[in-house]
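Student: Got a structure for you, written out below as structure tokens; questions coming shortly.
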Amino acid sequence: MKKFSVGIVGAGTVGRGVVEILTTKFSQIETRSGITLHLKMICDKDESLKSKYPEVQFTQDYKQVTENPEIDLVVELVGGTKIAYEIVKSAIENHKTVVTANKALLAEKGDELFSLAKKNQVEIGYEASVAGTIPIIRSIKTGLISNDFLGVYGILNGTTNFILTKMEEENMEYEQALETAQKLGFAEKDPTFDVEGIDAAHKLTLLASLAFDSKIETVDVSVEGITKITKSEIQTAKQLGYRIKLLGVCKNDNNQITARVAPTMIPLSHPIANIKNEMNAIYVETNFSGSLMFSGRGAGSLPTASAVVSDIVYYASRIFDKPNEKNFFENNLFPKRKVLKETNRDEKFYLRFNTKDEPGVLAEISRILGNNKISISTMHQNESDSDQVEVIILTHPCNESKLRDAIKSIDELKHIIISPTVALRVENLI
């Protein structure tokens, strides 16, 4: 058996899951992989695990892990982008392969760290950084290596998916669903990172860069959160045959890349529309393999830890088998590519206008849409006991730029428009 020593920096929720798997599944991993994994050291401020695992060394100084010549691979599970960056950099400079679940770090500092890893002839594994237990990174890198990717669509954030599910199934308003998510531990006290789509955008950049062999940064992604979505909106969407999801989307249309994270309407008949609660899913369209969907738990101690351990075993085997050729190392560095903020392809949109309940409102909205060559497929007015109403319009496929111009003009009608227009893209996935 090949022996391999591991050091973990960060023994929080995921870190403790990794320790549990490495210690309880030791024999199974050894039998299946032919590698004897030795958890040599854990670095964390809380040393409560010390008495439970007396055979493992503990420290509060990460350099005792990253600079230890007896450790072959360092697992970074601290999170954030400051101290985590120093940990990963130190490990690489000491010629150690790194495994991390830190999507924010790779989205922000990925190029620098991947370049440093290449220079030091080590690798960075990050399967757990996107969609928890779903093996999507490895699938894109190896399982679908001969394919060209046409589109990547992902429910990449369990918090927002949980909130939207509660709003639909229990008729909750956004604030109530968020409070429920916080009580159950699915949402942070400050949920901004999740509900504004930032977390999903970080994950999308990693997936999209791999799928399209292009450097796609977070600033390239158009990002909208779910805070403007109402329970009325969700029920209306359902009546129209759709379900609203916070969807990360990256497409290649005629060699033009678009990337966005936004609340999106998906046909009820599509499998990704039926991913509920804290679950994640990624749906990909390829030229050879057609369309495939991967789903599973996107967060949690053991699901994420499972992906971390998968990377540990995979990169351990590569270290043992590593030849001297420079080509051996996986490529995570891609050329920068222009990413369009808006698609040039005509697409359908859902529009909600909060207006005064008076004659001529629908005619004025229709006139502006028509002047911008936007054709109406369906129009619906929600009943109200007040002097305000919701006007719902589903468009035929139209140009996004012209739609934005129309919305700007409509929102300037202060005498009839009460609040900014809500526009959701309709993805008719196949």
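Student: Based on alpha-carbon atoms only, what is the radius of gyration of the chain relative to the globular estimate 2.2 N^0.38 Å? Provide the component values of the computation, followed by the final result.
Tutor: Working: Rg = 24.1 Å, N = 430, 2.2 N^0.38 = 22.0 Å.
Ratio of Rg to 2.2 N^0.38 Å for the chain: 1.09.
Student: Taking the alpha-carbon distance from K52 and a cut-off under 20 Å, which lysines remain once sequence neighbours fewer than 8 residues away in the same chain are dropped?
Tutor: The qualifying lysines are K25, K40.
Student: Leaving out ligands, DNA and RNA, what percent of the accessible area of segment 210-304 is carbon and sulfur, probe 1.4 Å?
Tutor: Working: 1640 of 3440 Å².
Heavy-atom surface of segment 210-304 belonging to carbon and sulfur, 1.4 Å probe: 48 percent.
Student: Sticking with this one: Find the accessible area per residue for the chain; the probe is 1.4 Å, ligands and nucleic acids are left out, and the unit is Å².
Tutor: In whole numbers, the chain has 44 Å² accessible per residue.
Student: When N is the residue count of segment 59-160, what does its C-alpha Rg come to as a fraction of 2.2 N^0.38 Å?
Tutor: Scaled against compact globular proteins, the figure is 1.17.
Student: Where does each of M265, M293 land when they are ordered by accessible area, with a 1.4 Å probe and the largest first?
Tutor: Accessible-area ranking of M265, M293, largest first: M293, M265.
Student: On to the next question. Taking just the alpha carbons, could you work out the radius of gyration and Dmax for segment 120-230, both in angstroms?
Tutor: 16.2, 54
Student: Work out the length of the dipole vector of the chain about its Cα centre, built from +1 on the beta-carbon of each Lys and Arg and -1 on the beta-carbon of each Asp and Glu, and round it to the nearest 20 debye.
Tutor: 1080 debye
Student: What ³J(HN,Hα) values, in whole Hz, does the Karplus curve 6.51 cos²θ - 1.76 cosθ + 1.60 give for segment 144-157 when θ = phi - 60°, with x put for Gly and Pro?
Tutor: Here the 3J(HN,Hα) series is 10, 4, 8, 8, 8, 8, 9, x, 10, 10, x, 8, 10, 9 Hz.
Student: I would also like to ask the following. Averaging the inverse of every distinct alpha carbon separation and then flipping it gives the Kirkwood radius. What is it for segment 2-85, in angstrom units? Don't jump to the answer; show the numbers that get you there.
Tutor: Values: mean 1/r = 0.0763 Å⁻¹.
One decimal place: 13.1 Å for the Kirkwood radius.
Student: Same structure, new question: I'd like the distance separating the alpha-carbon centroids of segment 81-115 and segment 304-373, in whole Å.
Tutor: Their Cα centres are 23 Å away from one another.
Student: Shifting gears a bit: Measure off, as a whole percent, the carbon and sulfur share of the 1.4 Å-probe accessible area of segment 1-43, all protein chains present.
Tutor: Values: 970 of 1900 Å².
Carbon with sulfur: 51 percent of the solvent-accessible area.
Student: Largest first and in whole Å, give the semi-axes of segment 171-246's equivalent ellipsoid, each being the square root of 5 times a Cα gyration tensor eigenvalue. Don't jump to the answer; show the numbers that get you there.
Tutor: Details: eigenvalues 144, 63, 18 Å².
With the √(5λ) rule applied to segment 171-246, the semi-axes are 27, 18, 10 Å.
Student: Could you state the per residue volume, in Å³, of the convex hull enclosing the Cα atoms of segment 11-59?
Tutor: Normalising the Cα hull of segment 11-59 by residue number yields 70 Å³.
Student: A follow-up question, please. Of the cross-linked pairs K96/K203; K228/K356; K238/K356; K251/K338; K82/K338, which ones have a Cα-Cα span greater than 22 Å in the structure shown?
Tutor: K96/K203; K238/K356; K82/K338
Student: Treating the angle as unsigned and between 0 and 90°, give the value, to the nearest 10°, between the Cα long axis of helix 198-211 and the longest Cα principal axis of the chain.
Tutor: Around 70 degrees separate the two axes.
Student: Report the relative contact order of segment 177-247, percent, no decimals, based on alpha-carbon pairs under 8 angstrom and at least 6 residues apart.
Tutor: Computed over segment 177-247, the figure is 25 percent.
Student: Counting Lys and Arg as +1 and Asp and Glu as -1, what is the net charge of the other residues whose Cβ lies under 13 Å from the Cβ of G17?
Tutor: My count for the surroundings of G17 gives +2.
Student: To continue, here is another question. Return the calculated 222 nm mean residue ellipticity for the chain, to the nearest 500 deg cm²/dmol, obtained by summing -39500 (n - 2.57) across DSSP H runs with n ≥ 4 and dividing by the residue count.
Tutor: -10500 deg cm²/dmol
The values are calculated or read from the model by the stated rules, or taken from the named source; none is laboratory data. Quick caveat: nothing in here was measured; it's all calculated off a predicted structure. So basically every Cβ, Gly included, is an ideal-geometry build from the backbone, and we count neighbours across all protein chains shown. We work out accessible area using only protein heavy atoms, side chains counted, and drop any ligands, DNA or RNA first. Shrake-Rupley method; radii C 1.70, N 1.55, O 1.52, S 1.80 Å.
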